[in-house]
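The values are calculated or read from the model by the stated rules, or taken from the named source; none is laboratory data. Note that the structure is predicted; figures quoted are calculated from it, not measured. Methodologically, a virtual Cβ is constructed for each residue, glycine included, from the backbone with ideal geometry; neighbour enumeration extends over all protein chains shown. Each accessible area value is taken on the protein alone, full model and side chains, heavy atoms only, with ligands, DNA and RNA left out. Shrake-Rupley method; radii C 1.70, N 1.55, O 1.52, S 1.80 Å.
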Amino acid sequence: MSGMTKAFAGNFFEDFKLGAHIVHATPRTVTEGDRALYIGLTGSRFLLGCSAQAARAVGYADAPLDDVLVFHLVFGKSVPDISLNAVANLGYAECRFHRPVFAGDTLAADSKVIGLRENSNGETGTVWVRTTGRNQQDEIVVDWVRWVMVNKRDKGAPAPGPSAPKLSPVVAPEHLIAPQGIDFAKWSDAHSGSAARWDDYAVGERIDHVDGMTVEEAEHATATRLYQNTAKVHFNQHLAGNTRFKRRLMYGGHVISTARALSFNGLGNAVLIGAINAGRHVAPCFAGDTVFAWSQVLDKAALDGRKDLGALRLRTIATKNQPCDAFPGEIVSGKFDPAVILDLDYWVFMPRR
Amino acid sequence: MSGMTKAFAGNFFEDFKLGAHIVHATPRTVTEGDRALYIGLTGSRFLLGCSAQAARAVGYADAPLDDVLVFHLVFGKSVPDISLNAVANLGYAECRFHRPVFAGDTLAADSKVIGLRENSNGETGTVWVRTTGRNQQDEIVVDWVRWVMVNKRDKGAPAPGPSAPKLSPVVAPEHLIAPQGIDFAKWSDAHSGSAARWDDYAVGERIDHVDGMTVEEAEHATATRLYQNTAKVHFNQHLAGNTRFKRRLMYGGHVISTARALSFNGLGNAVLIGAINAGRHVAPCFAGDTVFAWSQVLDKAALDGRKDLGALRLRTIATKNQPCDAFPGEIVSGKFDPAVILDLDYWVFMPRR
Amino acid sequence: MSGMTKAFAGNFFEDFKLGAHIVHATPRTVTEGDRALYIGLTGSRFLLGCSAQAARAVGYADAPLDDVLVFHLVFGKSVPDISLNAVANLGYAECRFHRPVFAGDTLAADSKVIGLRENSNGETGTVWVRTTGRNQQDEIVVDWVRWVMVNKRDKGAPAPGPSAPKLSPVVAPEHLIAPQGIDFAKWSDAHSGSAARWDDYAVGERIDHVDGMTVEEAEHATATRLYQNTAKVHFNQHLAGNTRFKRRLMYGGHVISTARALSFNGLGNAVLIGAINAGRHVAPCFAGDTVFAWSQVLDKAALDGRKDLGALRLRTIATKNQPCDAFPGEIVSGKFDPAVILDLDYWVFMPRR
């Protein structure tokens, strides 16, 4: 075994086999240190992840960790195996949060290859994987499908027959997993920072989140290292200096975190994420850019057997260097205002009156 | 309810009513993660907040969190309600630390409006609030008065009758709250980093803290987000680029933290802050500036019934980009050396011989 | 006692006495916050320090903290007393890790002066110290010898007779302290991220760690403050602007951390550091530089009575702004490729088949 095989250069398209199950490295015990750093890097203020007292008042044993932080930690583990040689992250679907994660839990990740399709140029192919994050009891905490365009190592390598999975464009409300054994009857709006509850939001309503957040290299890189995400484009300026952008790319997940944190102003009671239906990184974001965001309510759903909690389907759009009071978005289908960097479609849980 | 009312743009002068009680959002469970990040961002070395072993030796159950960190966390909560539309932070008074905060405690904040005075231009007014931080047992951990100049939303809005509270220019030593059930007899100077105790400081004595600390955007912004302080001027370069400074302003509290951390060199045994009598941000500080500090002993007070601990009243002056060996300060009353950025008057507790 | 004596300007060469024992300030309770911040700032992925579950599976009570983090914390404490007036850090030797450190442990440090030699110019001298880090039970967790060139305060001060300690060029394998009561039989390669075990490495083998990591001012300064290392050159741009480099110097220890984190790719099972034989900071590193690394296996040693674990002696070389696929290193003895910044010789423990 030579040094070059010991140091892993990542999987190429022809390395993925349909049905293959990949156990990702470095299960990670999440701690209060991760929570503090996440708050420090994003400014997140959603009450449930900030106050153990508020979490206990509704029935949690402790404050659950931010759903987006959990997503990033599990996602990060999948990067060395799935997307080190990715040309593009094409999409996410069917992401569901199954149960809370607490400080002290150990998160592990694995992926199953559920689709493969070589591109006509013979140089790249699309790989679909279902990635699952599990806790130390081997219980699923989150799972999703993502698909990435991956380089081939060898253009001449034989292509597998094309197989693309059928994916739901949106997680159906009846498939959302509301927190069990929890009752938001004792939720405090004064403490959550918003008097608006599920009942107060109307389908179609748009909310400008007002504030802007400038992101520095040290901030997005520290966040991304915290998740042990090893994608080179975020860290290696020596390499990035020779790309068309001339610089490091911000991890798209940090844009999601920043937009989600900004969305507190207008969605303070959106305490939990139930599912991510779809996400698109419309344009790259770089250090020095200021992120803004606005949201639209796409749908509302009551939850079976729950009077304390409802689900809102949101579309949050983030821009760079442009406030969102004019709600910049999709101009025609698939074509966005040039300031837009993120288009995220997701379900949140919000206390009802 | 429209999206614009869901996203909160902050209170304007005419929104404040004398006697109003405002419960601030996002109680926050403080953790070892906050402590580590605070040390990482400030370099603080005061022993009591660093070593659980040293804290236990004098009677604490655990290492108390840094007083200035506690101040910032509570202050940050008050920002969205009190100072989002502030033109200027005019002053602090009567700040007292009532009891220690430990990892695991949840801090909540509320404010009472105790003074209002419209300015003659009809465009702004001064708001005085008493802000209180409480732990999960609803015990007061810190309180203070601050006053800010706040914009009016509508110049024509009727002004309340002027009412300014009477404030003590200095917290009287008998109002300081020394830590209860604690005995510094077993305090170790070797471990605290200073052989100088309360007995060794003379009123009038000046101490150059020697070292300088350069602060980067990522550092002050991460600290300020950690406190969930939402003042736009610290975060939004898109906005800040259009101000006369052309850039983000460092949170004045980060200057306080940095100066306090620097003051370790010369005041290593100033283990606890008892009170902040007054604080003035004399000039703005920006990323790239190097902060220096010096202190003068303004007063000394023995504490009733305590042979182990005394109080020192200090004036710490911080500068930017100028060492303090020449003790730059107030040239004539209210007019400072141009390098000065902070003038802080406070009481510390220090072990006695 | 004047203010200038209260603020400590560091020891000069003539202040060190052979045989003197110096207790360093600020014992520090290490926490999950330190671990998270260390991961965030370095991207370290070695499993044992990331997963409490993996650590428990081999017999630890909890995940031990990263050895290099422990080194930095203890080293940082020694700086104010030993190297505040150092002109150069000349070397390390005989560094051994004695026992694991867990979150909640309190680390204290002390040093003994074991060698002194004035330089012929009469302006500086070399000081050798043995520095020891201890936990709250006063058990040794790490110790090492380092030597630094320190300024004299007064050129005319009398010089002590020269005395340089005899140091081992390498820690003998039989002096390595393998973790007690631990059995790596249940170690998971899938989780550790590497299928290569001790048995798979050959003496002489070279491994390019492939990835690069760009470091920003806010990152190295935050790491170095976390260790409460007070060396001015890392923090004070006002001072550094007047040096030949015109800027702050990155703490050499952050280069070690970065190189060690990069070495995961190729040495994923190098779960513990047993000893550091020698370390040389060949050239300075600055913010904006991208660090790369490669390693060579210098030696292999079985461990007495251990079938689960072996020792590998490694030489890890870090470069700036130059990938390591061509293994840039020592050109002739003591003369390095200009890209090289670090030459580190150390023992790691690695699970056996």
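Which of (1) under 19 Å from C:Thr31 (Cα atoms); (2) buried (at least 24 other Cβ atoms within 10 Å of the Cβ) does B:Gln53 not meet, given it meets every other one?
Status for B:Gln53: all satisfied but (2).
If A:Thr222 meets every condition in (1) polar (S, T, N, Q); (2) surrounded by 21 or more Cβ atoms within 10 Å (Cβ to Cβ); (3) in a strand (DSSP E or B) apart from one, which number is that one?
(3)
Which numbered condition trips up A:Pro80, out of (1) of a type outside the set (Val, Ile, Thr); (2) away from chain C (no Cβ under 14 Å); (3) surrounded by 19 or more Cβ atoms within 10 Å (Cβ to Cβ)?
Checking A:Pro80 against (1) of a type outside the set (Val, Ile, Thr); (2) away from chain C (no Cβ under 14 Å); (3) surrounded by 19 or more Cβ atoms within 10 Å (Cβ to Cβ), the one that fails is (2).
Is it true that some residue in segment C:192-205 is more than 14 Å from chain A (Cβ to nearest Cβ), exposed (fewer than 14 other Cβ atoms within 10 Å of the Cβ), in contact with a strand residue (DSSP E or B) (Cβ under 9 Å, 6 or more places away or on another chain) and closer than 30 Å to C:Gly329 by Cα?
Let us first name the residues in segment C:192-205 that are more than 14 Å from chain A (Cβ to nearest Cβ), namely none.
Within segment C:192-205, not a single residue is more than 14 Å from chain A (Cβ to nearest Cβ), exposed (fewer than 14 other Cβ atoms within 10 Å of the Cβ), in contact with a strand residue (DSSP E or B) (Cβ under 9 Å, 6 or more places away or on another chain) and closer than 30 Å to C:Gly329 by Cα.
Select, from B:Arg96, B:Arg117, the only residue that is over 24 Å from A:Ala63 (Cα atoms) and touching a Leu at 6+ places or on another chain (Cβ under 9 Å).
On the way: B:Arg117 fails: touching a Leu at 6+ places or on another chain (Cβ under 9 Å).
One residue alone meets the criteria, B:Arg96.
Consider B:Gly288 carefully, then state whether it is among the small types (Gly, Ala, Ser), within 20 Å of the chain's Cα centre (by Cα) and either at pLDDT 95 or above or open to solvent by 10 Å² or more (accessible area, probe 1.4 Å) (or both).
Working: among the small types (Gly, Ala, Ser): yes; within 20 Å of the chain's Cα centre (by Cα): no; either at pLDDT 95 or above or open to solvent by 10 Å² or more (accessible area, probe 1.4 Å) (or both): yes.
So B:Gly288 does not fit the description; no.
Give segment B:308-325 a look and list any residue that's open to solvent by less than 40 Å² (accessible area, probe 1.4 Å), over 15 Å from C:Asn236 (Cα atoms) and not hydrophobic (A, V, I, L, M, F, W, C), or say none. I'd like the intermediate steps shown before the answer.
Residues of segment B:308-325 that are open to solvent by less than 40 Å² (accessible area, probe 1.4 Å), as a first pass: B:308-312, B:314, B:316-319, B:324.
Now restrict to residues that are over 15 Å from C:Asn236 (Cα atoms): B:308-312, B:314, B:316-317.
Answer for segment B:308-325, where residues must be open to solvent by less than 40 Å² (accessible area, probe 1.4 Å), over 15 Å from C:Asn236 (Cα atoms) and not hydrophobic (A, V, I, L, M, F, W, C): B:Asp308, B:Gly310, B:Thr316.
Could you tell me whether segment C:223-230 includes any residue that is of a type in the set (A, V, I, L, M) and in contact with a Phe, Trp or Tyr (Cβ under 9 Å, 6 or more places away or on another chain)? So that I can check it myself, show each step before the final result.
Just the residues of segment C:223-230 that are of a type in the set (A, V, I, L, M), to begin with: C:223, C:226.
Of the ones still in play, those that are also in contact with a Phe, Trp or Tyr (Cβ under 9 Å, 6 or more places away or on another chain) are C:223, C:226.
There is at least one residue in segment C:223-230 that is of a type in the set (A, V, I, L, M) and in contact with a Phe, Trp or Tyr (Cβ under 9 Å, 6 or more places away or on another chain).
Return the residues of segment A:320-353 that are more than 14 Å from A:Gly279 (Cα to Cα) and among the acidic types (Asp, Glu); say none if nothing qualifies.
A:Asp325, A:Asp337
For segment B:1-46, how many residues are of a type in the set (Phe, Trp, Tyr), closer than 30 Å to C:Pro27 by Cβ and part of a loop (DSSP other than H, G, I, E, B)?
Just the residues of segment B:1-46 that are of a type in the set (Phe, Trp, Tyr), to begin with: B:8, B:12-13, B:16, B:38, B:46.
Of the ones still in play, those that are also closer than 30 Å to C:Pro27 by Cβ are B:38, B:46.
With the extra rule that they be part of a loop (DSSP other than H, G, I, E, B), the set shrinks to B:46.
Adding up the residues that qualify gives 1.
When you go through B:Ala293, B:Ala270, B:Ala259, B:Ala278 one by one, which is the residue that is open to solvent by 10 Å² or more (accessible area, probe 1.4 Å), in contact (Cβ under 8 Å) with a residue 60 or more places away in the chain, within 28 Å of B:Pro169 (Cβ to Cβ) and within 16 Å of the chain's Cα centre (by Cα)?
Numbers: B:Ala293 fails: open to solvent by 10 Å² or more (accessible area, probe 1.4 Å); B:Ala270 fails: open to solvent by 10 Å² or more (accessible area, probe 1.4 Å); B:Ala259 fails: open to solvent by 10 Å² or more (accessible area, probe 1.4 Å).
After applying the criteria, what remains is B:Ala278.
Quickly run through segment B:225-248 and pick out the residues that are within 19 Å of B:Thr42 (Cα to Cα) and either of a type in the set (S, T, N, Q) or surrounded by fewer than 19 Cβ atoms within 10 Å (Cβ to Cβ) (or both).
Those that are within 19 Å of B:Thr42 (Cα to Cα) and either of a type in the set (S, T, N, Q) or surrounded by fewer than 19 Cβ atoms within 10 Å (Cβ to Cβ) (or both): B:Gln228, B:Asn229.
Restricting to segment C:330-353, and then to whatever is of a type in the set (Gly, Ala, Ser) and modelled with pLDDT under 95, can you tell me which residue is surrounded by the most Cβ atoms within 10 Å (Cβ to Cβ)?
The initial filter retains those residues of segment C:330-353 that are of a type in the set (Gly, Ala, Ser), namely C:333-334, C:339.
Now restrict to residues that are modelled with pLDDT under 95: C:333-334.
On the way: C:Ser333: 5, C:Gly334: 9.
Here the residue is C:Gly334.
Taking segment A:220-253, which residues are among the charged types (D, E, K, R) and more than 9 Å from chain C (Cβ to nearest Cβ)? Spell out the reasoning first.
Residues of segment A:220-253 that are among the charged types (D, E, K, R), as a first pass: A:225, A:232, A:244, A:246-248.
Matches in segment A:220-253: A:Arg244, A:Lys246, A:Arg247.
When segment C:302-341 is examined, which residues are found to be away from chain A (no Cβ under 14 Å), out of contact with any Gly (no Cβ under 7 Å at 6 or more places or on another chain) and in a strand (DSSP E or B)?
C:Arg306, C:Lys307, C:Asp308, C:Leu309, C:Gly310, C:Arg313, C:Glu330, C:Ile331, C:Val332, C:Lys335
Residues of segment C:5-23 being open to solvent by 10 Å² or more (accessible area, probe 1.4 Å) and within 7 Å of another protein chain (Cβ to nearest Cβ), which ones?
C:Lys6, C:Phe8, C:Ala9, C:Val23
Out of A:Ala57, A:Ala63, report the one residue that is farther than 29 Å from C:Arg35 by Cβ, within 14 Å of chain B (Cβ to nearest Cβ) and among the hydrophobic types (A, V, I, L, M, F, W, C). Step through it out loud before you land on a result.
Numbers: A:Ala63 fails: farther than 29 Å from C:Arg35 by Cβ.
Selected residue: A:Ala57, the only one of A:Ala57, A:Ala63 that is farther than 29 Å from C:Arg35 by Cβ, within 14 Å of chain B (Cβ to nearest Cβ) and among the hydrophobic types (A, V, I, L, M, F, W, C).
For segment A:177-190, indicate whether the set of residues that are in contact with a His (Cβ under 7 Å, 6 or more places away or on another chain) and within 14 Å of another protein chain (Cβ to nearest Cβ) is non-empty. Full working, then the answer.
So in segment A:177-190, the residues in contact with a His (Cβ under 7 Å, 6 or more places away or on another chain) come out as A:177.
Checking the rest, the ones that are also within 14 Å of another protein chain (Cβ to nearest Cβ) come to none.
Scanning segment A:177-190 turns up no residue that is in contact with a His (Cβ under 7 Å, 6 or more places away or on another chain) and within 14 Å of another protein chain (Cβ to nearest Cβ).
Which of the following residues is under 22 Å from the mean Cα position of the chain (by Cα), within 14 Å of chain B (Cβ to nearest Cβ), buried (at least 22 other Cβ atoms within 10 Å of the Cβ) and on the phi > 0 side of the Ramachandran plot: C:Thr26, C:Thr31, C:Thr42?
Working: C:Thr31 fails: on the phi > 0 side of the Ramachandran plot; C:Thr42 fails: on the phi > 0 side of the Ramachandran plot.
Being under 22 Å from the mean Cα position of the chain (by Cα), within 14 Å of chain B (Cβ to nearest Cβ), buried (at least 22 other Cβ atoms within 10 Å of the Cβ) and on the phi > 0 side of the Ramachandran plot holds for just one of C:Thr26, C:Thr31, C:Thr42, which is C:Thr26.
Tell me which of these C:Tyr92 doesn't satisfy, since it passes every other one: (1) more than 14 Å from every other protein chain (Cβ to nearest Cβ); (2) touching a helix residue (DSSP H, G or I) at 6+ places or on another chain (Cβ under 8 Å); (3) open to solvent by less than 40 Å² (accessible area, probe 1.4 Å).
Result: C:Tyr92 fails condition (2) only.
Can you pull out the residues in segment B:95-144 that are among the small types (Gly, Ala, Ser) and open to solvent by 60 Å² or more (accessible area, probe 1.4 Å)?
Step one: list which residues in segment B:95-144 are among the small types (Gly, Ala, Ser), which gives B:103-104, B:108-109, B:111, B:115, B:120, B:122, B:125, B:133.
Hit for segment B:95-144 is B:Ser120, nothing else.
Check segment B:243-250 and report whether any residue there is part of a loop (DSSP other than H, G, I, E, B), at pLDDT 95 or above and under 19 Å from C:Leu226 (Cα atoms).
No, there is no match, as no residue in segment B:243-250 is part of a loop (DSSP other than H, G, I, E, B), at pLDDT 95 or above and under 19 Å from C:Leu226 (Cα atoms).
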